[in-house]
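Heads up, the thing below is written out as structure tokens.
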Amino acid sequence: MEPKYHMTQKDNIFVAKRNIVDYIWKSAKLEGLAVTYPDTDAIYNGMSVANVPVNDIIAINNLKHAWRFVLENLDYTIDYKYICHIHRLVGGDTLIRGAGFPRNVPVRIGGTSWKPDMPIESQIKEQIADVLSIDSPTERAIMLTLYLMRKQMFSDGNKRTAMLAGNQVMISSGCGIISVPIEHLRTFSGLLVAFYETGEPGELSRFLYDNCIDGMDFEPERTWQDGEDDWESEL
């Protein structure tokens with residue numbers, strides 16, 4: 001799977017920070033949070049908002065902290081411990097019970113009768129290692145995202161955690177950012193349910209690749225040549 005973007009890590013961080021509120025908003029919508037973009041922007045910037053549930057405000061702030069952690073720790077090789085810490089930030093102290101630890105209770109998923117197995121730490125570590133052995137960073141990021149979504153390691157917040165983990169791989173490799181556009185949410189959700197049921201990621205991974213990778217094509221950085229800044233001589 002060829003990268004759609006070829007950025008330096010520095011440029012990819014710039015893109016992520018430039019659009020961070022948009023990515024947080026879309027991630028929140030993916031989990032069904034009824035927040036608007038202006039509300040998300042206000043919450044992110046520490047302003048008070050009316051008529052937004054307290055838990056939604058906490059969720060946005062937790063995503064802000066989780067994104068900050070990812071962007072500040074791109075050189076750390078992602079692993080089971082790293083993913084659990086992302087979830088710890090997503091869940092915070094009050095939003096998700098047992099945040100940062102694999103669930104010890106069964107969960108059900110809306111839209112399907114399929115039920116994920118109980119998480120087994122040793123098995124998950126091996127499976128994550130297999131995914132991370134994929135050569136293509138874009139494919140590696142997408143497959144890690146989908147693995148974590150379907151594995152349902154945690155009692156809640158799995159999609160948010162999976163997207164952040166996948167984006168750690170994307171951004172550290174300069175390949176862009178995985179983010180599901182609002183206009184594609186319905187299609188994505190339908191494909192995700194089918195993936196839950198079949199375990200076959202092909203159609204969903206292709207959809208993510210085609211529609212859900214954001215980035216920029218940067219021109220080579222320009223530098224001043226000797227004499228070019230001698231503006232006084234031009235006056």
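Side notes on the structure shown:
- Assigned charges on the beta-carbon of Lys, Arg, Asp, Glu; segment 9-214 dipole about Cα centre (debye): 400
- Whether the chain is rounded, prolate or oblate, judged on the alpha carbon gyration tensor where a/c under 1.5 counts as rounded: prolate
- Cα gyration tensor category, rounded, prolate or oblate, for segment 1-130 with a/c compared to 1.5: oblate
- Among Trp25, Trp114, Trp67: highest mean-square fluctuation, GNM of the chain, C-alpha pairs under 10 Å: Trp114
- Between 0 and 90°, nearest 10: helix 20-30 axis offset from the chain longest Cα axis: 20
- Three-way shape label, segment 144-185, alpha-carbon gyration tensor, a/c 1.5: oblate
- Rounded tilt (10° steps) of 185-198 against the dominant C-alpha axis of the chain: 50
- Under-13-angstrom lysine pairs by C-alpha in the chain, whenever the two are 8 or more apart or on separate chains: 8
- Descending by average beta-carbon neighbour count within 10 Å, the peptides 130-143, 208-221 line up as 130-143, 208-221, the highest first.
- Cα centroid separation - segment 91-139 against segment 1-33, whole Å: 22
- Radius 14 Å from Cβ of Val52, net charge of other residues (Lys, Arg +1; Asp, Glu -1): -2
- Placing dummy labels 7 Å off each Cα toward the beta-carbon, the span from Lys115 to Glu2 is 4.6 nm.
- The chain: angle of helix 158-172 to the longest principal axis, Cα-based, in degrees nearest 10: 30
None of the figures in this text is laboratory data; all of them are computed from the coordinates on show. Just so it is clear, the model here is predicted, and its values are computed rather than measured. No Cβ is skipped: glycine too gets one built from the backbone with ideal geometry, and neighbour counts run over all protein chains shown.
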